[in-house]
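The values are calculated or read from the model by the stated rules, or taken from the named source; none is laboratory data. This is a predicted model, so every value here is computed, not measured. Heads up, the Cβs are rebuilt from the backbone with ideal geometry, glycines too, and the neighbour counts pull from every protein chain shown.
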Amino acid sequence: MRIGNKTFWLIAVILSAFHFAGAQKMTRDQYIEQYRELAIKEMNRSGIPASITLAQGLLESNSGNSTLATKANNHFGIKCHGWEGRKIYHDDDAKDECFRKYRSAEESYEDHTIFLMNSPRYDFLFEYDQTDYKSWAKGLKKAGYATAPKYADQLITLIEEAGLHQYDLKQRRKKEKDKEQVDIDNFQVELGRKILVRNRINYILARQGDTYQSLTKELDLMPFELAKYNEMPRDAAVNKGQVLYLQPKRNKASVEFRTHMVQEGESMYKISQMYGIKLQKLYVMNLMKPGTQPQTGTEIKLR
């Protein structure tokens, strides 16, 4: 059968359109290239491994090609859960479920961090090291982030196949042989401050003139973060030399510190800041009622 010129060109246009549409789909490598810096940025302010964030983004958004990602900038499949912002309805575990809708992918990445940090069921994840992506993956599944039976395995496979764990090492501080000095890296230079590490948590020492508001702006933190990490009111005064953590404190001290002898004037809060331990956990470890203070000369358990 002969095909006329008009028919031939019509078929050619249709095939070309299909080819063009297919070419527009984002690949896994393109997704990683486009969003890795966002994942690293969120890691530096929260401790969530960049590899985990990228792997979840890849998996939940089908490399940025899912309906939720393309129509709502929702890269992590986060449902409404009391969300007061814009919404989109999409079939998932049930028909027409409510999902969060964002103005940009960056907003989705930021909300992913906030979602994990503000949900008590994910608190235990922040005890894992920033490079321990396997524990994070298994923990997300254990906490119920997704219903897929092999969710943790899928994340780990993605991380290892795409080499995403390399981004967990970006901008981490390396200790010198004397374990006291910290190398200058890009993140430190960008802030113009020395970033120190205690109990595997990044922190700074406040300078003269620092305020809660000025530090929040300088460090590119969300308004609640310094307060949450340091268990302090947002309107609290900031004093020169004060330890301010840039990531959540941990449930216990590092292995070299097991107990602390209370000195005159030391409060439980001051001790919690000295060792990077959550104040509530410090009270529980020592069988003390929250709000009570230790007596000088007593021994406080740190782990």
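Residues of segment 105-115 include none that is under 20 Å from residue 50 (Cα atoms) and assigned to a loop (DSSP other than H, G, I, E, B). Residue check: is residue 129 modelled with pLDDT of 90 or more and among the acidic types (Asp, Glu)? It is false that residue 129 is modelled with pLDDT of 90 or more and among the acidic types (Asp, Glu). For the residues 48, 40, the requirement of being within 22 Å of residue 126 (Cβ to Cβ), at pLDDT below 95 and either basic (Lys, Arg) or in a loop (DSSP other than H, G, I, E, B) (or both) singles out 48. Scanning segment 70-93 for residues that are under 19 Å from residue 148 (Cα atoms) and either among the small types (Gly, Ala, Ser) or assigned to a loop (DSSP other than H, G, I, E, B) (or both) gives 74, 75, 76, 77, 78, 91, 92, 93.
Strands (runs of 3 or more DSSP E) fully within segment 185-277 that include at least 2 residues being farther than 27 Å from residue 288 by Cβ and of a type outside the set (S, T, N, Q): 196-198, 201-205. Scan segment 109-126 for residues that are at pLDDT 90 or above and out of contact with any Ser or Thr (no Cβ under 9 Å at 6 or more places or on another chain) and the total you get is 0.
Among what's in segment 70-107 and is small (Gly, Ala, Ser) and under 23 Å from residue 136 (Cα atoms), pick the residue that is surrounded by the fewest Cβ atoms within 10 Å (Cβ to Cβ). The qualifying residue surrounded by the fewest Cβ atoms within 10 Å (Cβ to Cβ) is 105. Across segment 278-303, the qualifying residues are those that are within 26 Å of the chain's Cα centre (by Cα) and in a loop (DSSP other than H, G, I, E, B), and the one among them that is surrounded by the fewest Cβ atoms within 10 Å (Cβ to Cβ) is 303. Just one residue in the set 7, 53 is β-branched (Val, Ile, Thr), at pLDDT 95 or above and assigned to a helix (DSSP H, G or I); that residue is 53.
From the list 35, 31, the lone residue that is over 30 Å from residue 230 (Cα atoms), of a type outside the set (S, T, N, Q), crowded, with 21+ Cβ neighbours inside 10 Å and at pLDDT 95 or above is 31. In the set 137, 148, only one residue is part of a loop (DSSP other than H, G, I, E, B) and among the hydrophobic types (A, V, I, L, M, F, W, C); that residue is 148. Scanning segment 199-232 for residues that are on the phi > 0 side of the Ramachandran plot and among the acidic types (Asp, Glu) yields 220, 231.
Listed here are the residues, each with its yes/no results for (1) out of contact with any strand residue (DSSP E or B) (no Cβ under 6 Å at 6 or more places or on another chain); (2) at pLDDT 90 or above.
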{"residue": "264", "(1), (2)": "yes, no"}
{"residue": "269", "(1), (2)": "yes, yes"}
{"residue": "276", "(1), (2)": "no, yes"}
{"residue": "291", "(1), (2)": "yes, yes"}
{"residue": "296", "(1), (2)": "yes, no"}
{"residue": "300", "(1), (2)": "no, yes"}
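Yes/no matrix, rows are residues, columns are (1) among the basic types (Lys, Arg); (2) assigned by TED's automatic domain parsing to the domain that holds residue 156; (3) in contact with a strand residue (DSSP E or B) (Cβ under 9 Å, 6 or more places away or on another chain); (4) free of Cβ contacts under 8 Å to residues at least 40 places away in the same chain:
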position	(1), (2), (3), (4)
55	no, yes, no, no
77	no, yes, yes, no
85	no, yes, yes, yes
94	no, yes, no, yes
102	no, yes, no, yes
109	no, yes, no, no
